[in-house]
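Report on the structure given below.
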Amino acid sequence: MGRQHHLSLTSLKLAAALCAGVSSAALLPTAASADEALVIARQLDINSLDPARGFCDTCQIYFSNVYETLIGLGKDNSTLTPRLATKWEANADQSQFTFHLDPDAKFSDGSPVEAKDVAWTFDRLKNVKGGAAFMMDGVNSVEAKDAHTVVVTLAGPSSEFLNIVSAPYTGIINSDVAAANGATAAADAETTDKAETWFLANSAGSGPYQLANYKPDDELRFKANPEYKRSKVAVPDIVIKHTKDAVTQAQLLESGEADIAMQIDPDTAKTLKTDKLNVETIPSYNFLYVAIAPGAKGAPKLTKEIRQAIGYALDYDGIIEFTVGGAGAKTPAPIPNGFPGTAGLPEPKQDVAKAKELLAKAGVPDGFEINSEFPSMNSYGVDLSLLAQKIQQDLSKVGIKVNLTPQEFSVWRDHVRGDGIPLTVSFYAPDYYGSAQYLQFFGMMEGTPWFNRAGGKNDPSILNPQTAELLKKALASGGDDKEKAYHELAMGMIDDRIIIPVVSPNLVLASSKSVTGLRYSACCNLLMDELGRQ
Amino acid sequence: MTRYIVRRLLSLPLLLLGIVSIAFLISHFTQGDPLSSIVSERQMDDEQAVAAAKARWGLDKSLPEQYLVYVGNLLTGDLGISFRTKQPVSQDLLERLPATLELVIAAMLFGSLTGIALGVVAARFRDRAADHAARLWALTGSSTPVFWSGLILLYIFSVKLGWVPGPGRLDARMSPPDGITGFLTIDALLAGDTALFWDAVHHLILPALVLGWTVMGIVSRLVRASMLDVLNQDYIVAARARGAGELRVLLNHALRNALVPTLTIIGFTFAYLITGAVLTEAIFSWTGIGSYAVDAARGLDYPAIMGVTIVGGAAFLLTNLMTDIAYAFADPRIRLS
């Protein structure tokens, strides 16, 4: 009887609690209070949380907020600013750099950030051969001269090295903690490093935040690093909630379940209620491009004249209108507008008559047929299927018949790296602020990914003999000379017409009215320590 | 009956091995490069990096070798590491399976119970307004694609009316309860956190309705057809002649017999939904097996594809067995041997 009575009481209590739950305001989201976690809706495209292995847009955000870099990028997205390194010097030919570390900088476990950690991090990034290992290409040695002085010696001059060490992938790791959990920076780290799983659940950086929790395809949770003193962290808990598409991100933002949405496309942005939200559309450094591969298997004749004809046949304004509703910009060369060397580049224009004239001169006045495979996906708010269809439509006006085949990204990448694809479309976002990365990826010189993909081995005529020499000159110079060299390089890429950028989609920054400090960073996407609530 | 069940259980591993072998071959003969999930675009042109990645993930071995290694590991319970999440596949599945089961069970309960009720009402009032309304509702449920109904219902009830929360299993500002069962509703109750429990329930309502509507459509049409058959049988006439009440005739005499074919459908639908709730999971950002399977397939994440196949195969085999057993209980004339 007594037991029955106890059970009844328990049941009553539970029922009362449940009823209280029903009637409480906890049912539906309301505006977030200042002490609640700030929620960011975006797609979690994470492939690793290990700085030596991860390489993705969300990785940029994670690394830049958890692992401080030596140098930062200012709010103008071009000036280098002190971060872990309070000052730095380069030798005369920019092949050796000395960094002086902040003696007060501490990792999240309270231990000091020292030169040995920098040397270990850079060695590991190079030797693990993960996503961003190319950033350490040309680094001959990283030497800890004393606890707070690091000397990096390169194989040759690189005026862009300072920009590279502002990239989030070069964030400094607490070497003692990581090594104790299976990480190594040894030459054979690509096979002996066992720390990737550890990095999925732990962090060891000196940035404003540390990892609180990560659930793949669900959420990435940050908590403030109490040892971080460089700026005041106003929002102690931040969650990136995995939200795949722009419409859902907008819904979460409008319902108050998210405070910031990061991947809303311009069309969806038009539907947002601006009386309740801050919606800002700004130019981005991302672009989408058409790529022509003269040496691809099954490619028709694609001489420079024919490639230039393709460039003239494209309706750039129409593409921007069709793919992003006009919310984008033209990019003359495969280097983002605003990066070194891009000032004063000629804007691309459609000229169908000129395209036909060039085709006639090349001996194909009636055009030709060309196969095109493209990744079937949405990138930076642009549906690549729509883009490919628009290009097909434009080229048909000069007699070029494009046979479109959408592919899964993995299949497309296999094909583009294998036999090559005569005509395709793809996308690119900067890894740091600097133009050399574009030459090293798109330039028509031996060994670059796009020289190989365009079939340089089958058709050596696409090699631009000046590119390698000019790039060397650009990397060895500074100031106006550097600007001029990159400008010349950009003009060369425009003339090559292997990569034809067609649209740089604008970026939509959408947030609730209470959020402050939201901005787009060219190096890091989003710097969370600048965020606040009013 | 016991011998039958033991025999069926003993045959499960062999059947699973068959499923694993076929899935292994199909996934490995698919076009595309699994390295795209592992090696970044810039590193793909670095032969050393590609070779290191292949060696690390066992992709440098021949297909028969890869198969033997996989099956060998499988026997020890090791499903491998996901190329994409970099976590053990078994851990990924354990994290996601409860999410799917929570959704599917809620959807099945809603769909089956309302489907049976609608089927009975439709059969009882054959060719009258209630029958037409029930059939129209059922037809709409079974023929409306979930990607459409999900988005529309989400827009109306979450964005416009604000009656239910948006996508996800829990408000992102809340910390999930300690994962004892993985069912957020149960774990929240076990943790004594009623606010968390109600938040989980409210997040469950809309996806369960969307998924359950399809089930309801199928079940109600089947129950209606079976009920119409049964209601014409002599024993129903006899029951009525003996003065049995209409409710008793419908529920005790007719429905019990009409449910036998429905059980098969409910069983198969349950198994199907475990791996087939893909669209619902995608629309409602539900981190379950379905969305995991899609991401695995798109990224050619072989270990994850195999893991999902094993779970899906086991679900079909087990529900098939349970349906057969339930058959025997529902209809004593059926003898399993």
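Quick one: net charge around B:R84, please, counting Lys, Arg +1 and Asp, Glu -1 for every other residue with C-beta under 11 Å from its C-beta. If you can, show how the numbers build up before the last one.
Numbers: positive: B:K86, B:R298; negative: A:D45, A:D217, B:D92, B:D295, B:D301.
Net charge in that neighbourhood comes out at -3.
What's the angle, to the nearest 10 degrees (0 to 90), between helix A:304-313's Cα axis and the longest principal axis of chain A?
Helix A:304-313 and the main axis of chain A meet at about 60 degrees.
First check a/c for segment A:45-191, with a ≥ b ≥ c the square roots of the eigenvalues of its C-alpha gyration tensor; if it is under 1.5, answer rounded, and if not, answer prolate when a/b is larger than b/c or oblate otherwise.
Details: a/c = 1.22, a/b = 1.20, b/c = 1.01.
Rounded shape, in that the Cα axes give a/c under 1.5.
Which of the trypsin sites (Lys or Arg not before Pro) across segment A:42-114 are loop residues per DSSP, with 15 or fewer other Cβ within 10 Å? List each step's numbers first, then the result.
Working: sites: A:R42, A:R53, A:K75, A:R83, A:K87, A:K106; in loops: A:R53, A:K75, A:R83.
Here the trypsin sites (Lys or Arg not before Pro) that fit, given the DSSP loop and packing criteria, are A:K75.
Can you pull out the trypsin sites (Lys or Arg not before Pro) in segment A:481-533 whose DSSP state is coil and whose Cβ has at most 15 other Cβ atoms within 10 Å? It would help to have the intermediate numbers written out before the result.
Working: sites: A:K482, A:K484, A:R497, A:K513, A:R519, A:R533; in loops: A:R497, A:K513, A:R519.
Passing sites in segment A:481-533 are A:K513, A:R519.
Given segment A:402-534, what whole percent of its Cα pairs are spread farther than 24 Å?
Details: 4130 of 8778 pairs.
So the pairs more than 24 Å apart make up 47 percent of the total in segment A:402-534.
Determine the dipole magnitude for the protein assembly as shown: charges of +1 sit on the beta-carbon of Lys and Arg, -1 on that of Asp and Glu, nothing else is charged, the reference point is the Cα centre, and the result goes in debye to the nearest 20.
Details: 75 positive and 90 negative charges, 637 e Å.
For this selection, approximately 3060 debye.
Counting only other residues whose beta carbon sits under 11 Å from that of A:Q60, what net charge do I get with K and R as +1, D and E as -1?
Numbers: positive: none; negative: A:D45, A:D57, A:D431.
Once all neighbours under 11 Å are counted, the net charge is -3.
For a 20 Å ceiling on Cα separation, which of these pairs sit above it: A:K145/A:K473; A:K126/B:K54; A:K223/A:K513; A:K87/A:K229; A:K194/B:K54? If you can, show how the numbers build up before the last one.
Working: A:K145/A:K473 30 Å; A:K126/B:K54 18 Å; A:K223/A:K513 23 Å; A:K87/A:K229 18 Å; A:K194/B:K54 16 Å.
From the list (A:K145/A:K473; A:K126/B:K54; A:K223/A:K513; A:K87/A:K229; A:K194/B:K54), the Cα-Cα distance tops 20 Å for A:K145/A:K473; A:K223/A:K513.
Which links in A:K215/A:K270; A:K75/A:K232; A:K297/A:K401 stretch past 27 Å when you go from one Cα to the other?
On the way: A:K215/A:K270 32 Å; A:K75/A:K232 17 Å; A:K297/A:K401 17 Å.
From the list (A:K215/A:K270; A:K75/A:K232; A:K297/A:K401), the Cα-Cα distance tops 27 Å for A:K215/A:K270.
If a helix is a whole DSSP H run, which ones in chain B reach 27 Å or further along their own axis (Cα) and hold a mean Kyte-Doolittle hydropathy of at least 0.5? List each step's numbers first, then the result.
Numbers: long enough: B:2-29 (41 Å, 1.47); B:89-124 (49 Å, 1.19); B:194-231 (48 Å, 1.28); B:256-276 (30 Å, 1.13); B:302-330 (41 Å, 1.34).
Membrane-span-like by this rule: B:2-29, B:89-124, B:194-231, B:256-276, B:302-330.
Helix A:352-361 against the longest principal axis of chain A: what's the angle in degrees, Cα atoms only, rounded to the nearest 10?
The two axes meet at around 50 degrees.
At a threshold of 8 angstrom on Cα-Cα distance, excluding pairs fewer than six apart, so keeping six or more, what relative contact order does chain A reach in percent?
Details: 1177 pairs, mean separation 99.6, N = 534.
About 19 percent, as a whole number.
Tell me what the protein assembly as shown gives for mean residue ellipticity at 222 nm when only DSSP H runs of n ≥ 4 count, each as -39,500 (n - 2.57), the sum divided by the residue total, rounded to 500 deg cm²/dmol. Walk me through the numbers before you get to the answer.
Details: 31 runs with 402 residues, N = 871.
-14500 deg cm²/dmol, from helical runs alone.
Short version: ³J(HN,Hα) in whole Hz for each residue of segment A:165-172, in order, from phi by Karplus 6.51 cos²θ - 1.76 cosθ + 1.60 (θ = phi - 60°), x for Gly and Pro, what are they?
6, 9, 6, x, 5, 9, x, 7
Could you line up A:E114, A:E446 from fewest to most neighbouring Cβ atoms inside 10 Å? Mind showing how you got there, number by number?
Numbers: A:E114 23, A:E446 13.
The most exposed by this proxy come first: A:E446, A:E114.
Please list, in order along segment A:391-397, the HN-Hα scalar couplings obtained from phi with the Karplus expression 6.51 cos²θ - 1.76 cosθ + 1.60 (θ = phi - 60°), rounded to whole Hz, x for Gly and Pro.
5, 4, 5, 5, 6, 5, 5
Sort A:H100, B:H203 so the one with the fewest other Cβ atoms within 10 Å of its own Cβ comes first. Before the final figure, lay out each step's value.
Numbers: A:H100 19, B:H203 24.
Listed from fewest to most nearby Cβ atoms, that is A:H100, B:H203.
Would you mind checking which residues have amide H under 5 Å from A:Y289's amide H? H placed 1.01 Å from N; only 5 or more apart, or other chain.
A:S426, A:F427, A:V502
Taking square-rooted eigenvalues a ≥ b ≥ c of the alpha carbon gyration tensor, is segment A:174-300 rounded, prolate or oblate, where a/c under 1.5 means rounded and, failing that, a/b exceeding b/c means prolate?
Values: a/c = 2.40, a/b = 1.14, b/c = 2.10.
Oblate, since a/c reaches 1.5 and b/c is not below a/b.
Could you work out the relative contact order of segment A:28-128, using alpha carbon pairs under 8 angstrom and six or more residues apart, expressed as a whole percent? Display every interim value, and only then the final one.
Values: 93 pairs, mean separation 16.2, N = 101.
Value for segment A:28-128: 16 percent.
What share of all Cα pairs of segment A:298-397, in percent, falls into each consecutive 10 Å distance bin?
Taking all Cα pairs of segment A:298-397, the binned fractions are 14, 40, 37, 10 percent.
Would you mind listing how long segment A:245-367 runs along its three principal axes, going by Cα atoms, in whole Å with the largest first?
Dimensions of segment A:245-367 along the principal axes of its Cα atoms: 61, 33, 26 Å.
Relative to the longest principal axis of chain A, what angle (0 to 90°, nearest 10) does the C-alpha long axis of helix A:57-66 take?
50
Full extension from A:K270 to A:S514: what is 0.36 nm times the residue separation minus their Cα-Cα distance, to one decimal in nm?
On the way: separation 244, 0.36 × 244 = 87.84 nm, distance 2.01 nm.
Taking A:K270 through A:S514 to full extension adds about 85.8 nm, to one decimal.
Calculate the spin-label point distance for A:N458 paired with B:A117, positioning each point 7 Å from the Cα along the beta-carbon direction, and give it in nanometres.
Distance between label points: 6.5 nm.
To the nearest Å, what is the center-to-center distance of segment A:213-238 and segment A:399-413, using C-alpha atoms only?
One Cα centre to the other: 41 Å.
Taking a ≥ b ≥ c as the square roots of the Cα gyration tensor eigenvalues, with a/c under 1.5 meaning rounded and otherwise prolate when a/b beats b/c, else oblate, which class fits segment A:343-413?
On the way: a/c = 2.58, a/b = 1.43, b/c = 1.81.
Judged from the Cα gyration tensor, segment A:343-413 comes out oblate (a/c at least 1.5, b/c at or above a/b).
Using just the C-alpha positions of chain A as equal point scatterers, what log10 of I(q)/I(0) does the Debye formula give at each q in 0.12, 0.13 1/Å?
These q points yield log10 I(q)/I(0) values of -1.18, -1.34.
Every number in this text was worked out from the coordinates using simple rules, so none of it is lab data. Nothing here was measured: the structure is a model prediction, and the numbers come from that model. Here Cβ is always computed from backbone atoms with ideal geometry, including for glycine, and neighbour counts include all displayed protein chains.
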